[in-house]
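One structure is given below, encoded as structure tokens.
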Amino acid sequence: MITAENLSFSYTGAPPFVLDGVSFMIQDGEYVSVVGENGSGKTTLMKLILRFLKPTRGSVTTDAVRVGYVPQRTGDRNTGFPITVREMLNSYRNILKIKDKSVIDCSLAQVGLPDKADALMGSLSGGQSQRALIARALMGDPQLIILDEPSTGVDPENQREIYALVKKLNAERGITIVSVEHNLDAAVRNSSLIYHLENGRGHVCTTEQFAREYLGEGGDHA
């Protein structure tokens, strides 16, 4: 699904590199959490996969034709923007050139927000807002969904619901998930593999290995 070969990136085109010689392969249908300290290159890697940035050296490619993106929720960014959930989704439908308007209600039903279509985005709770963004990502029938810290600004109960939804999309629909995470507990509990970035370099490990080696836990997160 996604392959990186000797991937390096610098915002100046010269050292120091944010990512330096990164290589990995993410298989179709996997749920991979990308973790690391602030400044380790998580967001940069996500932007490279999405082609928002171009590698300085090496390459990153994806076989997915249809990719959904769920950006990080930042506080109350929607409160001053009077747009309804339906209007937000309809705008994206037009960008994707989807003729069938029923895709909006279908996507909202999938994320458990069938009654929020006409609500203002700014009136939604943190969890509802994040699910609305997931609904937007689902409109293009994605093979791959990339999420940027999906639990940011969301209370614990809604966090559990969001991760359950993402895990369901992965397990039942076979959508490949790549989630940039600061929530290490959620990464261990929900993903099938973890890609750990340190000082611009990374390695793949199982959730059990990560829990044992980096969180000091026994690795039993069934």
What is the one condition in (1) modelled with pLDDT of 95 or more; (2) closer than 29 Å to TYR214 by Cα; (3) in contact with a Lys or Arg (Cβ under 7 Å, 6 or more places away or on another chain) that PHE9 does not satisfy? (3)
Within region 1-39, which residues are in a strand (DSSP E or B) and among the acidic types (Asp, Glu)? GLU5, ASP20
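To keep it simple, each residue is scored yes or no on (1) of a type outside the set (A, V, I, L, M, F, W, C); (2) modelled with pLDDT of 95 or more; (3) closer than 30 Å to LYS97 by Cβ.
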{"residue": "GLN128", "(1), (2), (3)": "yes, no, yes"}
{"residue": "ILE134", "(1), (2), (3)": "no, yes, yes"}
{"residue": "LEU138", "(1), (2), (3)": "no, yes, yes"}
{"residue": "ILE145", "(1), (2), (3)": "no, yes, yes"}
{"residue": "THR152", "(1), (2), (3)": "yes, no, no"}
{"residue": "GLN159", "(1), (2), (3)": "yes, no, no"}
{"residue": "GLU172", "(1), (2), (3)": "yes, no, yes"}
{"residue": "ASP185", "(1), (2), (3)": "yes, no, no"}
{"residue": "GLN209", "(1), (2), (3)": "yes, no, no"}
Is there a residue in region 121-141 that is among the charged types (D, E, K, R) and touching a Pro at 6+ places or on another chain (Cβ under 9 Å)? no
Contact list please: Cβ distance under 6 Å, first residue in region 52-73 and of a type in the set (Asp, Glu) and in a loop (DSSP other than H, G, I, E, B), second residue at pLDDT below 95 and surrounded by fewer than 18 Cβ atoms within 10 Å (Cβ to Cβ), pairs at least six apart or on different chains. ASP63/MET1
Which count do you get for residues in region 191-218 that are farther than 23 Å from THR3 by Cα and either surrounded by fewer than 17 Cβ atoms within 10 Å (Cβ to Cβ) or touching a residue at least 60 places away in the same chain (Cβ under 8 Å) (or both)? 8
Selected residue [crowded, with 20+ Cβ neighbours inside 10 Å, farther than 21 Å from LEU45 by Cα, in contact with a helix residue (DSSP H, G or I) (Cβ under 7 Å, 6 or more places away or on another chain) and not assigned by TED's automatic domain parsing to the domain that holds GLY126] from VAL154, VAL188, VAL180: VAL154
Hey, does region 96-108 have a residue that's within 23 Å of VAL32 (Cβ to Cβ) and either in contact (Cβ under 8 Å) with a residue 24 or more places away in the chain or aromatic (Phe, Trp, Tyr) (or both)? no
Enumeration of residues in region 34-64 that are surrounded by fewer than 22 Cβ atoms within 10 Å (Cβ to Cβ), of a type in the set (A, V, I, L, M) and in contact with a helix residue (DSSP H, G or I) (Cβ under 9 Å, 6 or more places away or on another chain): LEU53
Here is a check on your reading of the model: is ALA117 touching a residue at least 24 places away in the same chain (Cβ under 8 Å), under 13 Å from the mean Cα position of the chain (by Cα) and outside the structural domain of GLU37 (by TED's automatic domain parsing)? no
For region 94-112, what are the residues that are surrounded by fewer than 20 Cβ atoms within 10 Å (Cβ to Cβ) and either not polar (S, T, N, Q) or not assigned by TED's automatic domain parsing to the domain that holds GLN128 (or both)? ILE95, LEU96, LYS97, ILE98, LYS99, ASP100, LYS101, ASP105, CYS106, ALA109, GLY112
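The values are calculated or read from the model by the stated rules, or taken from the named source; none is laboratory data. Note that the coordinates shown come from a computational prediction; the quantities given were computed from them, not determined experimentally. Neighbour counts run over all protein chains shown; Cβ positions are idealised from the backbone, glycine included.
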